[in-house]
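Visitor: After the C-alpha cells below, expect a handful of questions from me.
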Amino acid sequence: MFGYYLQLALRNLRRNPGLTALMIGAVALGIAVCVMTLTMYHAMSGNPIWWKNDVLYAVTMDFWDPQQPNDEKKPELPPTQLTYRDAMAVYRSDIPARKVIMHKAVGILSVDGQALKPERVTTRVTTKDFFQMFDVPMQYGGTWTDAADFGPEPVMVLSRKMNEKLFGGANSVGKRIRWNDNEFRIVGVRDNWLPLPAFYDVNNGSLEDPEDVYIPFGWNVALELQSAGNTNGWKPEDVKNYQDFLGSEMTWIQMWVELPDRSAHDKFKAFIDNYAMEQKKAGRYQRPLNNRLTKPDEWLKVNDVVSNDDRILVGLAFAFLAVCLLNTVGLLLAKFLNNAPLTGVRRALGASRRQVFMQHLVEVGVISTIGALLGLALGGLLLMGLRALYTFDVQDAGGTQALAHVDMTSVVTALSLAFFATIAAGLYPAWRIGRIPPATYLKAQ
Amino acid sequence: MTAWNIRPIASALWRNRTGALLVAFQIAIGLAVLVNAVYVVKQRVELIGRPTGMDTDNMIWVASAGFTKNFDYDSSWREDLATLRGMPGVKAASLMSNIPLSGGGSSNGFQNRPGENIPPKEIVQGNNYDVDEQAVEALGIKLIAGRSFQASEIQPPSETFELSSQAIVTQAFAKELFPKETNFVGKTFYGGLSKPIVIVGVIDHMLGAWVGWDKLDHVVLFPRLKNGPTAIYLVRTEPGRRDSVMRDIEAKLGDSNPGRLLRWVRPFDYFIDQSYLDDRNMAIFLVSVTTALLAITALGIFGLATFNVSTRIRQIGTRRAVGARRMDIVRHFLVENWMVTTAGVVAGCGAALGIGYWISVKYELPRLDLYYLLGGVLTIWLIGLAAALQPARRASAISPAVASRTV
C-alpha cells in the first residue's frame, strides 16, 4: 500500500509544480535557518564537559569590597577569579581528587637553529592536573610531574597545531624550545581539543582557541609573569613590585577542583569557608561569607557566556520556523482541497477515512523529506556564509573556530526537530481532507 | 450594495477561515519580528557609527615584541620612534600603552578628593593610557583647554604600578569628577592611595577600550612610556597615505633589530571592526533573516490568494456574467486580502510591543518608538497588497463564459 501512496504522492506533486516548489522551498528555508541558528547557539552555549558536570567545580571566594559587590548586577556572585594568595592557600588542601590553579599568559616561542620566525603564542600557566581534569587528549607524551609545578621545571606541553608548525607534526617529545628566551623541554603534545565555550576561563575570550602552550604554574613567580587576561582589583593598594602584586587583592587566577562525591564536596566547602573565616579574623573577607563551588553548566550560565544576542537569535529562529510551518500548513491545505474532487472519487470507490489520511500523510512525508534535504544543503551554505562573517583575519582566525567545528549532534537535533515539526504541520490538512463527505464533490462533477 | 462589498467578502472569508487564519498568524509574527529587528539594527548601527574623537582613518598601530634576554628595550623604542617620525607622510608617532576601541586596556577608579573612605558612588571610572608628548597630535584628538604634554614631562618606563602626577582627560570624565565646575585645567584629582594628579589639558571627546562599556568616553592620558619588552606605536599619517606608509613601516622595521619580533602593522579599522564584529554580524543576520521571513510571509499571502481564486473560478465567472467589471473582481480579492492582513497586523501590534518591551528591559534600551510600529504596519500592508495583486488580476481575467460551462 505504501508504495502505491508514494506513487500517488509523487504524481500529485507534479500536478501543480508551482505550488509544490513553493511548499518545498518554504520547508527548506525554515529548516536551513533553524539548523544554522541552533547550531550556532549550541556551539556557543553547550556544556563542553557535560560528562564530568557532577564532579567539577569552579572555586570562587568573596573577599571583595565590603561596600559593594564585584558585579552590581549580580550582587550574589563572588568575583570569577581568585587572588594569588588565596589560590595558593586553598590549593594546599588535599580533599579534591584533582585540582588546578592557572592563568593565561603570552610568550614568544623560538627554536634554536630553525629558520622559522619566532611565534607569539597564548600560553596557559597551570598546575599539572589541568590535562586529566578536563580530559584533554594527548597526541604524544604526557603531562609533567607534581614536582615540576612549583619547582618549577622547564617543561612544556605544546598544542598539535603549534607542533605541526614548528616540527612538521613529528613526535617532538624531548626536544628543546625557547619560551621568552628561556629554555624548555617538550614533554607532551596536546591533540586537537576545542571545548566550546572555553568553560575553564570564561573571563578571557571564551570562544577563542585553547592555548598553544602549557607551562608549570611556578613559572609565574620565577619569570614575574602577569595575566594576559583580566586582572581586577577593588582596593587602592601600594603595589610597588611583583611581590606586592602577588600579595595584593587583585584577582587573576582561575581555580577548579574535582570532587568525586557529596562528602568530598561538603568537606572542601567547609575547608574554604574555614579559610575565609580565618582571613576575616585577619581583617580580610569583610563581606558576608560567600564562597562558591559551581558546576560547569551553572558556571556558563551565571557568567553570561550565552549573551542576550544569542537568545534573540534563537527566538528569531523559532519565529522563522513557526512562519514556515504555518505557511506549509496553509499551502498543504490549499493543495489538498484543490484535489478534493479526486479524493471524493476515491472515497466513493471505497477508500476509508484512515486510508485517505494515510495517503496524504505520505505526501506530506515526501514534501518534508525533499524539504529537509534541500534545507540541510542550504543550511550548510548559510553556515559557511556565517563563518565568513565571523572570520576576521585569515591569519589569526580566533573565534571562527567555534563555527568551523560544528558538531553533528546539534545539526541532527535541529534537522530532526524541523523535519518532525513539518510532518506534524501536515497532520491537520491530512485529517481535514479525510473528513470531506465524498458526495459534495461527486455532485459537482 | 455598496461598492466595497465588505459584508459578503467577510462572510465568504469566514466560511473558509482556516487558511486565512494561518496567513494572519504569519503576518502577526512577521510584523512583530520586522518592527523589533529594525529597532535593534538601528541601535547597532548607531553604536558602530558614533564619533570616536580620533582621526581613525589615518591611524596605524605597530607592535614590536622583544623576546631575547639581552634585548635593550630602551634603545629599541628610541630608534623605532625616530625612524617612524622621520618617515615621509607621517604626521606624528607615539608610544602608547594600549589601543583604544580594541577591547584591551586598563581602567582605574578616581576620586575628586583624597581619602580612603569615599562612597563607591563618587568613584569615577576612567580608561587610562600611558602616552608620550606626541600623543595628542598622533591620536588626532582636540584639546579644548590647557595644553599637551611636553617632552620633559614624560616619565621613563617603570616597573611600578604607580600613577603619574599629571593627566590629560576627556571633558566627559572631568565633568563627572567635578560636576559643579566648568574649568577643569589645574584641578587635582586622586588615584589609588590618594595620589594627587593635576589636570593639564582637557580634550573634547575620545573613546576608550571597551565598546560595550558605558564609561567609554572617560579617558585619562598619563605622560609615561609604556613598559617593555612589548612596544605599541601609534602612527598618524597625512590624509590618504595610510596604506603606503604601512608598507614602508613593514619594510623599515621588519628586520631592523633581530632581538625583537615586529608582530604586526595594522590600520586602526582592524581593531574597531573587530570590536564591533558581533554588533555588525547581528545587524546583518537580523536584516537577512527578517527579509527571508517577510518573503515567506508574502509567499503565504500569495498562496492563499491563488487558492481562493482557483476554488472560485465558477463563482467569479458567474459574477462577471451578471455584470461585474474586471475592476470589481480585483477589488474583491484585494479587499479580502486586506482584511486578512489587517487581522494579522492587529495581533502583530500586540506581539511587537510585547517583544519590544522585553528587549528594552533586557538591553536597557529606550522603549520601542511607536513610529517603528507605524512603519511596520504600512510595510506589511504594502507587502500584502503586492502579494495579492497577481492572483487578483488573474481572477479578473476569468472569462464570463466559464459560468455556463460544466467543468
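Every read-out reported here was derived from the displayed coordinates using simple, explicitly stated rules and does not represent laboratory data. Predicted, not measured: the structure shown is a model, and the values here were computed from it. Glycine also receives a Cβ, built like all others from the backbone with ideal geometry; neighbour counts cover every protein chain displayed.
Visitor: Return the percentage of antiparallel bridges among DSSP beta bridges fully within chain B, rounded to the nearest 5 %.
Guide: Roughly 75 percent of the beta bridges in chain B run antiparallel, per DSSP.
Visitor: List the DSSP H helices in chain B whose Cα atoms stretch 30 Å or more along the helix axis and whose mean Kyte-Doolittle hydropathy is at least 0.5.
Guide: B:17-49, B:277-311, B:326-362, B:370-396
Visitor: Helix A:262-281 versus the longest principal axis of chain A: what is the Cα-based angle in degrees, 0 to 90, to the nearest 10?
Guide: That helix lies at roughly 50 degrees to the long axis.
Visitor: Averaged over its residues, how many other protein chain Cβ atoms are within 10 Å of peptide B:269-282's Cβ atoms?
Guide: Per-residue shielding by partner chains comes out at 2.
Visitor: Work out the mean other chain Cβ neighbour count within 10 Å for the residues of B:115-128 and drop it here as an integer.
Guide: So the per-residue partner count for this stretch is 1.
Visitor: P(r) of the range B:104-225 in 10 Å steps, Cα pairs, percent per bin?
Guide: 14, 49, 34, 4
Visitor: Which residue, A:273, A:181, A:297, has the most motion in a Gaussian network model of chain A that connects Cα atoms within less than 10 Å?
Guide: Answer for the Gaussian network model of chain A: A:181.
Visitor: Taking the simple approach of a point 7 Å from Cα along Cα-to-Cβ for both residue B:150 and residue B:113, what is their distance in nm?
Guide: In this crude spin-label approximation the distance works out to 3.3 nm.
Visitor: A follow-up question, please. For the range B:304-407, what are Rg and Dmax over the alpha carbons, in angstrom?
Guide: Using the Cα atoms of the range B:304-407, the pair Rg, Dmax is 19.5, 65 Å.
Visitor: Related question: Ignoring solvent entirely, what values of log10 I(q)/I(0) come out of the Debye formula for chain A at 0.12, 0.13 Å⁻¹ when each Cα is a single scatterer?
Guide: For the requested q values the scattering log ratios are -1.00, -1.11.
Visitor: Roughly speaking, what is the centre-to-centre gap between the range B:269-330 and the range B:332-353 when only Cα atoms are used, to the nearest Å?
Guide: When both Cα centres are located, 13 Å separates them.
Visitor: Take the Cα radius of gyration of the range A:107-146 and divide it by 2.2 N^0.38 Å, with N its residue count; two decimals is plenty.
Guide: That ratio works out to 1.50.
Visitor: Among A:290, A:90, A:343, whose Cα projects farthest towards the positive end of the dipole of the protein assembly as shown, with charges put on the beta-carbon of Lys, Arg (+1) and Asp, Glu (-1)?
Guide: A:343
Visitor: Suppose R0 equals 41 Å. What FRET efficiency, 1/(1 + (r/R0)^6) with r the Cβ-Cβ distance, do residue A:354 and residue A:21 give to the nearest 0.05?
Guide: For R0 = 41 Å, the calculated efficiency reads 0.85.
Visitor: Along the Cα→Cβ direction, 7 angstrom out, place labels at residue A:224 and residue A:240. What is the inter-label distance in nm?
Guide: 1.4 nm
Visitor: Still on this structure, I have one more. Can you compute the helix-only [θ] at 222 nm over chain A? Use -39500 (n - 2.57) per DSSP H run of at least 4 residues, normalise by all residues, nearest 500 deg cm²/dmol.
Guide: Mean residue ellipticity, 222 nm, calculated: -16000 deg cm²/dmol.
Visitor: Shifting gears a bit: Of B:195/B:215; A:104/A:301; B:142/B:252; A:240/B:187; A:52/A:74; B:175/B:195, which pairs sit farther than 24 Å apart, going by alpha carbon to alpha carbon?
Guide: Going by Cα-Cα distance, B:142/B:252; A:240/B:187; A:52/A:74 fall outside the 24 Å limit.
Visitor: Over chain B, with a Gaussian network built from C-alpha contacts below 10 Å, which listed residue (B:231, B:292, B:352) shows the highest mean-square fluctuation?
Guide: Between B:231, B:292, B:352, it is B:292 that shows the largest mean-square fluctuation.
Visitor: Taking the Cα centre as origin and putting +1 on Lys and Arg beta-carbons and -1 on Asp and Glu beta-carbons, what dipole magnitude results for the range B:104-225, to the nearest 20 debye?
Guide: 380 debye
Visitor: Under unit Cβ charges (Lys, Arg +1; Asp, Glu -1), what dipole magnitude, rounded to 20 debye, does chain B have relative to its Cα centre?
Guide: So the magnitude is around 3080 debye.
Visitor: If you count, for each residue, the other Cβ atoms within 10 Å and average over each peptide, how do A:11-23, A:147-159, A:274-286 line up from highest to lowest?
Guide: Those peptides, ordered most packed to least, come out A:147-159, A:11-23, A:274-286.
Visitor: Give me A:36, B:59 sorted ascending by neighbouring Cβ count inside 10 Å, so fewest comes first.
Guide: B:59, A:36
Visitor: Continuing with the same structure: Assigning unit charges at the beta carbon (Lys, Arg +1; Asp, Glu -1) and nothing else, what dipole magnitude in debye, to the nearest 20, does the range B:217-330 show about its Cα centre?
Guide: Rounded to the nearest 20 debye, it is 680 debye.
Visitor: Subtract the Cα-Cα distance of residue A:165 and residue A:262 from 0.36 nm times their separation in residues, and report this length gain in nm to one decimal.
Guide: Full-extension gain reported as 30.5 nm.
Visitor: Can you pull the Rg over Rh of the range A:50-302, Cα-only, Kirkwood?
Guide: Rg/Rh: 0.97.
Visitor: Could you line up B:279, B:130 from fewest to most neighbouring Cβ atoms inside 10 Å?
Guide: Going from least to most buried by this count: B:279, B:130.
Visitor: At what distance in nm do the modelled label points of residue A:427 and residue A:67 sit from each other, each positioned 7 Å from its Cα along Cα→Cβ?
Guide: According to this spin-label approximation, the distance is 6.2 nm.
Visitor: Restricting to the protein assembly as shown, what percent of DSSP beta bridges are antiparallel, rounded to 5?
Guide: Of all bridge pairs located within the protein assembly as shown, approximately 75 percent are antiparallel.
Visitor: Still on this structure: Rank these for me by crowding, A:64, B:381, going from fewest to most other beta carbons within 10 Å.
Guide: Ordered from fewest to most neighbouring Cβ atoms within 10 Å, A:64, B:381 come out as B:381, A:64.
Visitor: Stick to Cα atoms and the Kirkwood definition of Rh, then tell me Rg/Rh for chain B.
Guide: 1.24
Visitor: Roughly how many Å is it from the Cα centre of the range B:228-257 to that of the range A:65-86, as a whole number?
Guide: 41 Å
Visitor: Could you compute how fast the range A:163-277 diffuses translationally, taking Rh as the Kirkwood radius over C-alpha pairs and applying Stokes-Einstein at 25 °C with viscosity 0.890 mPa s? Give it in µm² per second.
Guide: The Stokes-Einstein estimate is 137 µm²/s.
Visitor: Where does the Debye-calculated log10 I(q)/I(0) of the range B:200-322 sit at q = 0.18 Å⁻¹, using only Cα point scatterers of equal weight, no solvent?
Guide: Values, matching the q order: -1.19.
Visitor: OK, next. When only C-alpha pairs under 8 Å and at least 6 residues apart count, what is the relative contact order of chain A, in percent?
Guide: Once normalised by length, the contact order is 29 percent.
Visitor: Separate question: Along each of the three principal axes of the Cα atoms of the protein assembly as shown, give the extent in whole Å, ordering the values from largest to smallest.
Guide: Dimensions of the protein assembly as shown along the principal axes of its Cα atoms: 102, 62, 57 Å.
Visitor: Still on this model: I'd like the mean, over residues of B:11-23, of how many other protein chain beta carbons sit within 10 Å of each residue's own Cβ.
Guide: Mean shielding by partner chains, rounded to a whole number: 3.
Visitor: Which Cα, out of B:231, B:258, B:219, lies furthest along the positive dipole direction of the range B:218-272 (beta carbon charges, K/R +1, D/E -1)?
Guide: B:219
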